[in-house]
1. Would you kindly state how much longer the chain becomes between residue 130 and residue 194 on full extension, computed as 0.36 nm times their sequence separation minus their alpha carbon distance, in nm to one decimal?
2. On a full-extension model of 0.36 nm per residue, what is the gain between residue 229 and residue 206, subtracting their alpha-carbon distance, rounded to one decimal in nm?
3. What is the Rg over Rh value, at two decimals, for the chain, using alpha-carbon atoms and the Kirkwood definition of Rh?
4. How long is the gain from residue 218 to residue 110 if the chain were fully straight, where each residue apart is worth 0.36 nm and the alpha carbon distance is subtracted?
5. Report the relative contact order of the chain, percent, no decimals, based on alpha-carbon pairs under 8 angstrom and at least 6 residues apart.
6. List 210, 97, 184 from most exposed to least, where exposure is judged by having the fewest other Cβ atoms within 10 Å.
7. Counting DSSP beta bridges with both partners in the chain, what percentage is antiparallel, nearest 5?
8. Once you place label points 7 Å from the Cα toward the Cβ at residue 122 and residue 92, how far apart are they in nm?
């Protein structure tokens, strides 16, 4: 589904992503972890067609993110870390606005299904700033899913919300089905392990590790133990 060949990104003479080769299969849910400044957001934005690589090639479903950008945006949903909603508008009006901005067609039945899945259907006439933080995060994710993309790229989508809301979001993402490929970054290793099949570790722009979670040697806290082994964390 996602293939990176010698992908490199430089900002102001600083290497932020360094010569990454990677192959992610269709339907995989991949947890992207690493310290702040590791290049996680830049890598995700390049895959999402929002930032152009300085060199190398990225393919999504066999199409180049630089040469087939417009076609690929119909197949990709991107959830930014910051909430991209109009806070003074209602849920319904936000959905109407973002449906008009979506790169692909939007089905009313699909939107209704998403709202039911996250428990927002009864709140569609509320203003966004009247919703809880967890509800706002759920709506932020729905906006990225309006055109029912094959690939969902999520940059710390649960930051700043409580545990029940995080658990709801993880359950919702798993319920989207096995045909959705998800790239999910988080500093919460527990939610990575709840959601993902694979773990991808970046440090200082370098790919340090990529494998199935099932292939990690520790049954308890496998991602934490991996980061200790890589000396990214100490304890």
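Laboratory data are not the source of any read-out in this text; all were calculated from the coordinates shown. As the structure is a computational prediction, the values presented were derived from the model and not from experiment. No Cβ is skipped: glycine too gets one built from the backbone with ideal geometry, and neighbour counts run over all protein chains shown.
1. Difference between extended and current length: 20.1 nm.
2. Values: separation 23, 0.36 × 23 = 8.28 nm, distance 1.60 nm.
Using 0.36 nm per residue and subtracting the Cα-Cα distance, I get 6.7 nm.
3. Numbers: Rg = 17.6 Å, Rh = 18.3 Å.
Across the chain, the Cα-based Rg/Rh ratio is 0.96.
4. Working: separation 108, 0.36 × 108 = 38.88 nm, distance 3.96 nm.
Between residue 218 and residue 110, full extension yields an extra 34.9 nm.
5. On the way: 425 pairs, mean separation 63.2, N = 235.
After rounding, I find 27 percent.
6. 97, 210, 184
7. Working: 21 of 38 bridges.
Counting DSSP beta bridges with both partners in the chain, the antiparallel share is about 55 percent.
8. 1.7 nm
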